[in-house]
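First up is the structure itself, then whatever we jot down about it.
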Amino acid sequence: MTEGMTAERDTGAAATARRLLEIANLKVHFRTDDGWVRAVDGVSLGVDRGETLGVVGESGCGKTVTAMTVLKLIAMPPGKIVDGTIHWQGRDIVPLTPAEMRSIRSKEIGIVFQEPMTSLNPVYTVGEQIAETLRLHEGLGKRAAMDRAAEMLKLVHIPNPSRRVNDYPHQFSGGMRQRVMIAMALSCSPKLLIADEPTTALDVTIQAQILEIMVEMKERLGMAVMLITHAMGVVAETAQRVVVMYAGKVAEEAPVGELFANPRHPYTQGLIRSIPRIDTAATHKVRLEAIPGSVPSLLDPPKGCRFAARCRFVMPECLDAQPPLREVSPGHKVACIL
Amino acid sequence: MTQYVLRRLLIAIPSLLGISVILFTVLALAPGDPFEELATNPAVPPDVRAALRASLGLDDPVHVRYFNWLFAMLRGDWGYSFVSRIDVDDLILQRLPTTLIVIGSSQILALMIALPVGVYAATRPYSIFDQIANTLAFIGFSLPTFFTGILFILFFSIYLDWLPFVYRSDIPGSGLPWFWEHVKQSIMPIAVLGLFQGAAWTRFVRSAVLDVIRLDYVTTARAKGLAERVITIKHVMRNALIPVVTLVALSMPAVFGGAIVTEQIFRVPGIGSLLITAILANDTPVIMAVTFVVSILVILFNLLADVLYGWLDPRISYR
Ligand SMILES: Nc1ncnc2c1ncn2[C@@H]1O[C@H](COP(=O)(O)OP(=O)(O)OP(=O)(O)O)[C@@H](O)[C@H]1O
Ligand code: SF4
Ligand SMILES: [Mg+2]
């Protein structure tokens, strides 16, 4: 768990080359009848080659919006990238044209969503749906793409892959469908896999299997993973670094060992306290609502620290201005004046 | 699948029988019969009249008449029109093609409007195009066909004098000019029916596409890097088509009903005007036959809707 810490520290060209994805001060707002919802309001985070970055935070804090914005899958309108940059392998993708974005999607960055039951098109076989990606990006023929689709199903441990490619999504269980989604997202060997709560909708026993498959595929393909989750336990097991989000902002960022050993933000402390025991938590679906109080409105967020209303250590200064994200030790950043 | 269709057709038989019983009883209970005119005509002696009625079985009890009709029907004898004095099946065969051509072309026109406009509007919700399309669809859907029909006649036939306003099945001549005359007289009835149906379906297609477009698998398709056009056609339209096809097949009975009105306005000698004349003249065999043919069409279109639904949606299996 210390490798993340050391990796974080070298500077200069080597570090930039290792950075796959660098999100800086990203602001994504949504226009609604009541005004602009500031779903993501100044988020900065990065993913290195081959690492697993865990992104945690309670419902509505902007995890999905951040992830979707990386692939520009946000509906615009009502969404709008108000500010910030998203550098993918050194190139800012915010100004890219739709056609340029399409060549990145699935080819370089794959994504798996939370709901396996609704993420597959019901009228095509799973093989056709995986093959579609392969034919688009790898230029494979119909036959070759179907063969590769079957191979992908085999990699995610779907029994009888050569027969199952011809089945429709409704013939698969939730866990099996999520495997299909992973196979699809990884079919073109992307450099980064974004997994947005890939196990939240699944049975506890299935959750562990899916995570295992993701870890195995990551090793095999050498890709990086941005794993979005509610469960601190999942992060502890699979991530090297963690970003904790709160109300559209980054509250804390640290290598995983450091975060659990020395959480600096009161919100992170609350999250960690809500886990019974770290080593068994992966199999328990720990909900983060354990902290009393609720998230502030993103329509008109408070001027000061967004966690102030729920913070045990709140001070008058906290209400004046948003505390900036500052580095407290190598690779450990926190947005709190404490 | 074949088995399913066969079973559905078998189930249709009791429904058709039921329909025929109800129709027959209602018609028998209705006041007046085709011999009313004869009855008030002093030139016809009463005994001749009675003999005629007896020979046609008009004074038998209802159930006897019903079974007579049913067995005749099963033998393929559809009866004899009291008014036109020709066999009912000949009469229907004369009229049905005209109706089918007018209805068929108008429904194709309706789909050619509804599909592209509905899909395009739904992919750009609340855009100028969408708002104009919505408004026009709303107007088209709200105006009854008898109103638009008269409007069309006033404008295109009377004011501009471009199109004839009475449909003639006995246009003399042959070849291209003959065909052109037929096209010219069909334009207005087809347009009136097609635009009305097109307006209704545009709204339905739009909402079906809007329902699909926000689903997760469309986002998945986008995440694959597919072009918007491919996503719309392959992923969105293919799924939105399932309810649309069902609706189209199921609205055919209503379309036949609507066609009756349109046929009256443009004097199209189709099955609808045949029914109206038959009802006005109390021509029971024709009324029975026409309603029966329409019932069969309704049942067939219902079956077609179910078969198409299962064919388009792999989640449905026939058992
Ligand atoms: N299309 C939209 N229009 C308006 N608001 C939106 C839209 N999409 C997201 N939001 C808002 O953005 C905020 C962040 O949503 P997001 O889905 O990113 O949360 P999340 O962290 O992924 O939560 P969860 O854990 O429940 O998935 C929410 O408050 C949500 O209401
Ligand atoms: S800045 Fe103040 S209110 Fe915010 S988390 Fe830190 S102590 Fe609490
Ligand atoms: Mg989410």
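From the list A:T229, A:T199, the one residue that fits, being without any contact (Cβ under 8 Å) to a residue 40 or more places away in the chain, buried (at least 21 other Cβ atoms within 10 Å of the Cβ) and within 16 Å of ligand 1 (Cβ to nearest atom), is A:T199.
In the set A:T32, A:T52, A:T16, only one residue is surrounded by 17 or more Cβ atoms within 10 Å (Cβ to Cβ) and either on the phi < 0 side of the Ramachandran plot or within 16 Å of ligand 2 (Cβ to nearest atom) (or both); that residue is A:T52.
Just so you know, in segment A:92-113 the residues that are at the interface with another protein chain (Cβ under 9 Å from one of its Cβ atoms) and polar (S, T, N, Q) include one that is nearest to the chain's Cα centre (by Cα), and it is A:S106. Of all residues in segment A:299-327, those that are more than 7 Å from ligand 2 (Cβ to nearest atom), modelled with pLDDT of 85 or more and within 24 Å of the chain's Cα centre (by Cα) total 6. Residues in segment A:121-132 that are of a type in the set (A, V, I, L, M, F, W, C) and surrounded by fewer than 24 Cβ atoms within 10 Å (Cβ to Cβ): 1 in all. For A:V40, the conditions (1) crowded, with 20+ Cβ neighbours inside 10 Å; (2) of a type in the set (A, V, I, L, M); (3) out of contact with any helix residue (DSSP H, G or I) (no Cβ under 6 Å at 6 or more places or on another chain) are fulfilled apart from (3).
Number of residues in segment B:154-177 that are under 27 Å from B:L91 (Cβ atoms) and surrounded by 12 or more Cβ atoms within 10 Å (Cβ to Cβ): the value is 6.
Scanning segment B:162-171 for residues that are touching a helix residue (DSSP H, G or I) at 6+ places or on another chain (Cβ under 8 Å) and of a type outside the set (A, V, I, L, M) yields B:W162, B:P164, B:F165, B:Y167, B:R168, B:S169. Confirm whether B:G225 is free of Cβ contacts under 8 Å to residues at least 12 places away in the same chain and touching a His at 6+ places or on another chain (Cβ under 7 Å). So B:G225 fits the description; yes. Counted as qualifying within segment B:201-270 are the helices (runs of 4 or more DSSP H) with 2 or more residues that are within 14 Å of chain A (Cβ to nearest Cβ) and within 20 Å of the chain's Cα centre (by Cα), namely B:238-250.
The values are calculated or read from the model by the stated rules, or taken from the named source; none is laboratory data. Everything numeric here is computed off the predicted structure, so don't read it as measured data. Cβ sites come from the backbone with ideal geometry, for glycine too, and all protein chains shown count toward neighbours.
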